[in-house]
Amino acid sequence: MPQRILQPGEIEALDRTSLPRVRLPQPSSLFADRAARLVQLADGHPIGDYLRFLAGLARAQHKAAATVLTAPIDADTVRRANAHGMPLVQAASQIDPAWQGVLDGLLDAVQADAGLPAALLPVLERLRTLTPEARDQLARRVLAGLLNEPDDLAAAPIVVAALQVVFADQASHLNEAEVPYAEPATVCPVCGTPPVVSVLRIGGREAGLRYLHCGTCCTEWHMVRVKCSHCESTQNVRYQSVQDGGDVVVAETCGTCHTYRKLVNQEKDPLAEPLADDLASLMLDLLMGETDFARATMNPWLPMSEVAAPSP
Ligand SMILES: [Zn+2]
Ligand SMILES: [Zn+2]
């Protein structure tokens, strides 16, 4: 295995007793917390109806997470990934079949939701009638970010929600020592997905540490703040925020790879939740759209916002 020189932040990160390197998901609270935050942020928000719809979806995820049964990641896979410094699985090629039943449950819950946007009815109908094989193919396209068809874009948030339930369940049964030091450090060490957003955590051993948040298995992994979370450059990392928008969410920009990724700061608001606050800070994306920094990765729940956003 190639050796490389550790940087000061990484040497610090090797001290496992003082610093949790990964935060494995806790499905029993993850989706309920997200739902509560979405409801809170929806109040008076320009895309409030959509945020409330997603809150309903997160509540359905919470319910599904309590009963889902996935196959554990086996010891051989753990050993191999650790030996090679690779993520444990590659999400798109290792989807647990339990996701199909979770999707059915989410479709039922969403259909029963009084606040369901009418534009979503045909989306639900399509997902119901697809064969299991076609659903698997769709899930792989979603995970690979190959969303060129409007039908796929519209279905993506619900598909991602079902996938999050199964991948988070698998990840939650791991322990920290089983999670590899994967290279590159800019993808999730559990499922190989690039992060959606990063979060500055508060409380306990995590206080003041920055974690990258996986939008697929919901694992978070530590990365020192001086590094770009996209290209690992330490040269040109800066922050931008919306004037008067508060500093709960800022855009971390990198002058080396010319991308930005948002940082959600719990020191500014202890209830801040990575995926929810990323979605609700669309203004910041609009602002960044006028700069030459491109968004590093999309929020999996963002594709449908055009469908649900009120007309101007
Ligand atoms: Zn992951
Ligand atoms: Zn960069």
Original post:
How many residues does segment 158-188 hold that are over 21 Å from A65 (Cβ atoms), of a type outside the set (A, V, I, L, M) and either more than 16 Å from ligand 2 (Cβ to nearest atom) or surrounded by fewer than 19 Cβ atoms within 10 Å (Cβ to Cβ) (or both)?
Top reply: 4
Original post:
Failed condition for V142, given (1) open to solvent by less than 40 Å² (accessible area, probe 1.4 Å); (2) at pLDDT 95 or above, with all others met?
Top reply: (2)
Subject >> In segment 21-33, the residues that are open to solvent by 80 Å² or more (accessible area, probe 1.4 Å) and not in a helix (DSSP H, G or I) >> reply: Q26
Original post:
Does segment 163-175 include one or more residues that are among the hydroxyl-bearing types (S, T, Y), within 12 Å of ligand 1 (Cβ to nearest atom) and within 19 Å of E232 (Cβ to Cβ)?
Top reply: no
Original post:
Scanning for something open to solvent by 20 Å² or more (accessible area, probe 1.4 Å), assigned by TED's automatic domain parsing to the domain that holds F167 and within 24 Å of V187 (Cα to Cα), does segment 34-54 turn up at least one residue?
Top reply: no
**OP:** Please report, ordered by residue number, the strands (runs of 3 or more DSSP E) entirely within segment 145-262 with at least 1 residues that are touching a Phe, Trp or Tyr at 6+ places or on another chain (Cβ under 9 Å) and over 20 Å from D277 (Cα atoms).
**Re:** 249-254
**OP:** Only residues that are of a type in the set (A, V, I, L, M, F, W, C) and either surrounded by fewer than 14 Cβ atoms within 10 Å (Cβ to Cβ) or not assigned by TED's automatic domain parsing to the domain that holds S198 (or both): list them for segment 254-273, please.
**Re:** L271
**OP:** Collect the residues in segment 263-290 that are farther than 15 Å from G203 by Cβ and in a loop (DSSP other than H, G, I, E, B), keeping them in residue-number order.
**Re:** S281, G289, E290
Original post:
Residues in segment 208-221: is at least one over 22 Å from A296 (Cβ atoms) and either of a type outside the set (F, W, Y) or within 11 Å of ligand 1 (Cβ to nearest atom) (or both)?
Top reply: yes
**OP:** Name the residue, out of E178, E206, E267, E273, that is closer than 30 Å to G56 by Cα and in contact with a helix residue (DSSP H, G or I) (Cβ under 8 Å, 6 or more places away or on another chain).
**Re:** E273
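The values are calculated or read from the model by the stated rules, or taken from the named source; none is laboratory data. Quick caveat: nothing in here was measured; it's all calculated off a predicted structure. Counting neighbours? That spans all protein chains shown, and the Cβs are built from the backbone with ideal geometry, glycine included. These accessible areas exclude ligands, DNA and RNA; they are computed on the full protein's heavy atoms, side chains included. Shrake-Rupley method; radii C 1.70, N 1.55, O 1.52, S 1.80 Å.
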